[in-house]
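Structure record follows, encoded as structure tokens.
Read-outs throughout are calculated quantities, based only on the coordinates presented, and are distinct from any laboratory measurement. From a predicted model like this one, the values you see are computed outputs, not experimental measurements. Don't worry about glycine lacking a Cβ; one is built from the backbone with ideal geometry, like all the others, and counts go over all protein chains shown.
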Amino acid sequence: MRLPDSFLDEIRARLSLSQVVGRRVTWDLRKSNQAKGDWWAPCPFHQEKSPSFHVDDQKGFFYCFGCGAKGNLFGFVQQQENVGFMEAVELLAREAGMEMPRRDPREAQAADRRTQLAELCEEALRFFRTQLKTGAAAEARDYLRGRSLSPDTLDRFEIGFAPNRRMALRDHLMQRGVAPNLIEAAGLATPASEGDPRDRFINRITFPIRDGRGRCIGFGGRAMNPDAKAKYLNSPETELFDKGANLYNLARARSAAGKGQTVVVAEGYMDVIALAQAGFEAAVAPLGTAVTDRQLRLLWRVSPEPVVALDGDAAGQRAGLRLADLALPMIAAGQSLRFAILPEGQDPDDLIRAGGPEAMRAVLEGAVPMSALLWRRATEGKVLDSPERRAAFDAELRALVRRIEDPNVRRHYGEAFARQRADLFGPEMRQEAPRAFAGDRPFRPRGSGRPGGGRGGGAWQPPALATVAARGSALAQGAADPDRVLEQVALAGLVLHPALLEDFAEALERGHWAGEGHGRIAQALLAVDPVDDPAEARAALERAGCGPALEALLALAHVRVSPAARPGAGDADAAACVRDAFARLEARRGVARETLEAIEDFEDGGDEAIVWRLGQALRRRDEATRAPRDEETGGDDAAGMSEFLQGLLDAKVWEKQKRK
């Protein structure tokens, strides 16, 4: 949803930057000039004693002369709380006493309903907190003391107690005028359809669950009765609570991760609380189930490489491998998991109580990459003493590597497994190791020749090796130039026709940008709502700090004459142009990756098969850049767009730019 500028301006009017920053820093009043709105303090983003952090209230900007952090009111909250722009706006709007704009009546009604349920959960939280102080909760308090939880920790995590009465909470809420159906909708009581109405949590220690925005959306409960059917019980799925899309302690962990702490994924509530009490505040846990793909994406928004703390027993190992299998197709450059394996029979709480925070820190620092966990599973208990067993082992590794969707990461996994395989099988295999599992192509010993032998009559003769290597080297060095031209045309088309942003969001997200500033423009475009007015989109990009790069992009001669930039060009014309540019980029880069792999194999002492593959890759490169895109968009207009882009590449406009 696009927020009106007037709404953002009203937030700025109600909250000064120094007011928001002042809650996080101690101002140096000797250096500050309050009358002019000129404030100085030690930086909240890095450790320092001198006041190098400057806030200019009149301009609404901050800058640290030590670490270089800079931004406006919303940027400060984004960096301090480690949240996105919309979440930062929501936090500031709440502080300013303003309601977020709503899109339509149905959405407003649904939002009102969720707000009601969240307020009801907050009332239940207050009830549980009060009950923990009563005589009926003596056993619960003894249990919490036995787990070494301090009063400050109990308050910080808002731990409470649900009395051992069937309708204690329900009666409390109904006395305050809450309708029974609303209590059931919040997951606080069982529906009447399930039998006699009763509270969801009875005789349990309660742990409130808050979402990333800080709203109470549900509860977890630890049974005090040792004969209870479930030791831990969570709120059921509700309009507010989706356990597969939330994490326990997410809001606090995100804030701690923004200050440099390692994100630790533990098994349950008590582990998270023990970790946080010991200083590991960026700890989270799934909500009673195994980690889901949605929770993984949520984790990666907080940290690129969270550490999963595994119990040292067999069940913990199996849980880690299930998570690794789930994550494998989703990993990417700078987006993975590490695994910290605890001593057998201990969870994080046990380890901290036995050895203190230092013992836990040592385990976290010794965390291994995901590839190590998968390799251990692939080799553990296997006897590879025959060609057949080794062949089956190779097939298992290749199947594992093929599950990785990111081609670059897939290749690195293949190379890592190949080196480990060579060490496992002995010195006679080491010469074959470097790329045995890189990508999807089969492993072939040196000297195997062209696949398929000499079919077609006569022995196959390789092209001149020097010629092939020279052509490949030129391709590898110059590939970025035509790629940059295609990127410029695609990005300019989306800037000038922002209504197309939703259609090309996936292409922007997965793009590997060669041009300087192109990646920043692409990221800024992803944050722009699809609009019909290009001026709005350009204003949003300028607010994101892309003004100079955008001005340079739109000033390029080949961009100005592109079909998307011509006077009167419609969205359909621009869509065809942008689509063709992205398709050509994808084709060029796919072939370039294969070519570079072939070149590297050749440099390692390539045989006829490698040289043949290199020649085939170069041929497909030429075909890919000249392939018509009519089938994707249809009609003569699409062909015209394709001819325009091919004309740019044939004219080598990038070489002309270099000579200016």
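Using only C-alpha positions, report the orientation-averaged shadow area of the convex hull of the range 381-432, nm², one decimal.
Spelled out: convex hull of the Cα atoms, projected over all directions, averaged, 3.9 nm².
Might you report the magnitude of the Cβ-based charge dipole of the range 381-432 about its Cα centre, with Lys and Arg at +1 and Asp and Glu at -1, to the nearest 20 debye?
So the magnitude is around 120 debye.
Within 10 Å of each residue's Cβ, count the other Cβ atoms and sort D5, D199 from fewest upward. Before the final figure, lay out each step's value.
Details: D5 12, D199 23.
Going from sparsest to densest Cβ surroundings: D5, D199.
Please tell me which of these pairs span more than 27 angstrom C-alpha to C-alpha: K70/K259; K133/K231; K36/K259?
Check vs 27 Å cut-off fails for K36/K259.
Using r as the Cβ-Cβ distance of D533 and K36, and R0 as 45 Å, what FRET efficiency do you calculate, to the nearest 0.05?
Given R0 = 45 Å and the Cβ-Cβ separation, E is 0.75.
Might you report the magnitude of the Cβ-based charge dipole of the range 149-284 about its Cα centre, with Lys and Arg at +1 and Asp and Glu at -1, to the nearest 20 debye?
In debye, rounded to 20, the range 149-284 gives about 160.
Output wanted: per-residue J couplings in Hz (rounded whole) for the range 112-126, from phi through Karplus 6.51 cos²θ - 1.76 cosθ + 1.60, θ = phi - 60°, x for Gly and Pro.
For the range 112-126, the Karplus curve yields 4, 4, 5, 4, 4, 5, 5, 5, 5, 5, 5, 5, 5, 4, 4 Hz.
Mind listing the long-range amide H neighbours of G218? Cut-off is under 5 Å, sequence gap 5 or more, other chains count too, H placed in the peptide plane at 1.01 Å from N.
Residues meeting the amide H criterion: I209.
Could you order the peptides 225-231, 329-335, 399-405 from most to least packed, using the average number of other C-beta atoms within 10 Å per residue?
Values: 225-231: 9.7, 329-335: 14.7, 399-405: 16.3.
Result, highest mean first: 399-405, 329-335, 225-231.
May I ask you to evaluate 6.51 cos²θ - 1.76 cosθ + 1.60, the Karplus curve with θ = phi - 60°, for each residue of the range 38-46 and list the ³J(HN,Hα) values in order in whole Hz, giving x for glycine and proline?
Karplus values, whole Hz, x for Gly and Pro: 10, 10, 9, 6, x, 5, x, 9, 8.
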